[in-house]
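This report concerns only the one structure given below.
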Amino acid sequence: MTKDAKNGGASGRWMQSRRGNLPAIRIRTPAERRPSSFLPGHLPDFLRVLLGAALLWLCALGIASASAPVEPLRLESSTAGATLAGHFARLVDPERKLDFADILKADAAGGMEPRSDFRGAGQTRDIHWYRFDLLRAPGAPADWILEMGEAYIDHLDLFVPKLMGPKSMDPKSMAADGRPQSPDAYRLVRLGDFVPFSQRPMKTRLHALPLTLPEGHPVSLYLRVDSISAIRLSARMWTPAAYADHQTPDLLFQGLFLGVLGILTLGYVALGLLLRDGALLAYTGYVATVFCYYLFANGIAAALLPDMPGWAINMMVGSSGFLGFAAALIMWVYILDLRSGAPWLRRCYQGLALLSVLMLPTTVSPLYALTNPVVTLSALIVVVIALVLTARMVWLNPGDLSPRFYLASTLVSLGGLLLTQMSLRGVLPADFAVADPYQISSMLAVLVLGVGLALRIGRLQSERLRAREESAFATKRAEEQRTFVAMLSHEFRTPLASIDSAAQMIELSGAVTAPAALTRLERIRNTTRKMVELVELFLSSDALDQGALALKPEPVALGQLMEEALGGLTGTEAEDRLEVAVETPDHPLLVDAPFLGVAIGNLVQNALRYSPPEAPVRVTAGYDAAGDGGEIVIRIADRGRGMAPEEVERIGSIYFRASSSRGTKGTGLGLYMTKKIVAAHGGILTVESTREEGSVFTIRLPDDGGQPSAAGRLAAQ
């Protein structure tokens, strides 16, 4: 019969006697610890058998682990360092009411559960009590060092026997197993990050205490653990020499880790500011928060700031974690291009980032036990989403190497996050790895992601350089074309003036009297004047680009403006196709009639040119009272071939011609000039077009009522 089984009856009696002044501690029997034997009735028989066998096996393991006594950690002369896993027992106080005297009595009654390994308890407000059993073998050194972690645990209260040795103990104060039963027989050593570094018994990164053990006599130490942060305890015994040797690679790793992060932070923040790249700056912020988190969580900051209070360390650890999550969210918004690719996901990420920032005050309160798991779960979901989206980027862009590094970084982060959370929540042993798996994965993920961002920067710089070269080439080509057109247009003035003068002399000489000949002569003069206006139009394009167009606004009625704009079509076949309707011909305007007439004429001529020969073109003009102060609306509607939506967006761009204009002469300057003239008058030009149905061009001008005050505004533009 085991020791725990012998104490079972005594345990029950002790609990009953203590019920009046001590919170009940329920010691579960092996049967009570057994998993539920419920099996769904619809499962096949062989599955029931397998599940039943598995449950029996787990039950047997539970009974074995519960009934096996705690064997002291035997420290031999050859022992340099050894873990206390398998050599301790634990009791959990969920009500936080037990004191050390209660724990000693509970332990004597068999109330502490033997444990085979250290398991994380996650974030909990429960008090965890541990009993460590040590035995120094004959010939082993007397001086040892007990090291406990993690560094961020708030309170580690260690109760050490004042007198270690069988001859120094009072037999009346000893339990049946030889442990002292009086709290006065123990001294309290306070450890944890709420004890300033300057007041700790050993100035080390983790929490350490030197011990002198008696030879051949078991010693039991009791530890009380209380922390707002996640509880993941591990403990080891070292000889002083082995402990010193262990500190060298440990500190070397921590220094290398923080050094890499520090260099990345300084380098990338300068590069991000220089390039003004949002993704790079967000990545730098994320790296800086990882640096800050491990600087405080691993106990390095406590050594640098030996009098820093524990609440400040907790605040830095929790805040850097929350801010790191917010920075990572913003970084993925840029890397995954969520602004254009998935706007709804971008809004979710931004909302989560804001929520993380708003939860910063909870890092120094008990609410941290609720907010931190929420952020951790959200981070896991975000990493999984990033994994899917980066895999999609790799699939869609096989020639781009950056997404491959994003994917690799995400995989490393996900693996480290899962391992760490399983260790914190007790799924894996707390000391299954030498270092924090997320710490190692964080460094690898940061380095891999940095390579991907560097490739992204190189690609963006190449694209910017190529775009700059193309823009410079297009600008140079446009300047050359503009110069050539201006020179050519200037040379057209002389022959046009000669043609107009000759036609005028013929008209004045009276040599031509036939009405048909006079009509043709008038058409020659009208066409010549139109050519002169076109020359002036070309010569004015450069002035329009420079913003130097000097408008000369004059009062004119809307009907008169339309008549002058369409006067060049009088007496031609095109006049028969026009359907002109001026709703308010007497409405006064203050505009540059010649320039605005050129704009209206361009739209009408385009409508006639790009419509079938028999199709009518409808021109309407009038006053619209809608909006602030009303406006003048001029519409030109045709029944041509129309344009695609993407072509409509480019209407008014210099030298642009829609696909429907193929086979028709033109330079692409007419609509460009029209848009410029309308804009110079404070108006806008809009286009509505449908394939095979036609287009509607609309000029909207602010209605100034022909007041002189408008002249100043127009002249200033």
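The values are calculated or read from the model by the stated rules, or taken from the named source; none is laboratory data. What you see is a predicted model, and the numbers here were worked out from it, not measured in a lab. Here the Cβ positions follow ideal geometry from the backbone for every residue, glycine too, while neighbour counts run over all protein chains shown. Ligands, DNA and RNA are stripped out before the accessible areas are found, and what is left, the full protein with its side chains, is counted by its heavy atoms. Shrake-Rupley method; radii C 1.70, N 1.55, O 1.52, S 1.80 Å.
Is it the case that the stretch 257-268 has a residue that's closer than 30 Å to Arg346 by Cβ, β-branched (Val, Ile, Thr) and crowded, with 16+ Cβ neighbours inside 10 Å?
Keep residues of the stretch 257-268 that are closer than 30 Å to Arg346 by Cβ, which gives 261, 264-268.
Filter once more, keeping what is β-branched (Val, Ile, Thr): 265.
Add one more test, that the residue is crowded, with 16+ Cβ neighbours inside 10 Å, and what stays is 265.
Yes - at least one qualifying residue is present in the stretch 257-268.
Name the residues in the stretch 658-683 that are assigned to a loop (DSSP other than H, G, I, E, B), at pLDDT 60 or above and either open to solvent by 60 Å² or more (accessible area, probe 1.4 Å) or in contact with a strand residue (DSSP E or B) (Cβ under 8 Å, 6 or more places away or on another chain) (or both), would you?
Of everything in the stretch 658-683, those that are assigned to a loop (DSSP other than H, G, I, E, B), at pLDDT 60 or above and either open to solvent by 60 Å² or more (accessible area, probe 1.4 Å) or in contact with a strand residue (DSSP E or B) (Cβ under 8 Å, 6 or more places away or on another chain) (or both) turn out to be His681, Gly682, Gly683.
When residues of the stretch 90-122 are filtered for being more than 19 Å from Asp184 (Cα to Cα) and open to solvent by 30 Å² or more (accessible area, probe 1.4 Å), how many remain?
Number satisfying all stated conditions: 12.
List, please: which pairs have Cβ atoms under 7 Å, are six or more places apart or on different chains, and start with a residue in the stretch 340-364 that is more than 30 Å from Phe194 (Cα to Cα) and end with one that is open to solvent by 30 Å² or more (accessible area, probe 1.4 Å)?
Pairs found: Arg346/Arg339.
With the structure loaded, tell me whether Pro218 is touching a residue at least 12 places away in the same chain (Cβ under 8 Å), surrounded by fewer than 16 Cβ atoms within 10 Å (Cβ to Cβ) and over 23 Å from Asp193 (Cβ atoms) or whether it fails that test.
no
Does the stretch 396-411 contain at least one residue that is without any contact (Cβ under 8 Å) to a residue 24 or more places away in the chain and buried (at least 19 other Cβ atoms within 10 Å of the Cβ)? Spell out the reasoning first.
Residues of the stretch 396-411 that are without any contact (Cβ under 8 Å) to a residue 24 or more places away in the chain, as a first pass: 396-399, 407.
Then drop every residue that is not buried (at least 19 other Cβ atoms within 10 Å of the Cβ), which leaves 407.
Yes, the stretch 396-411 has at least one match.
Against the conditions (1) outside any helix (DSSP H, G or I); (2) open to solvent by less than 20 Å² (accessible area, probe 1.4 Å), where does Thr363 fall short? Just the number, please.
(1)
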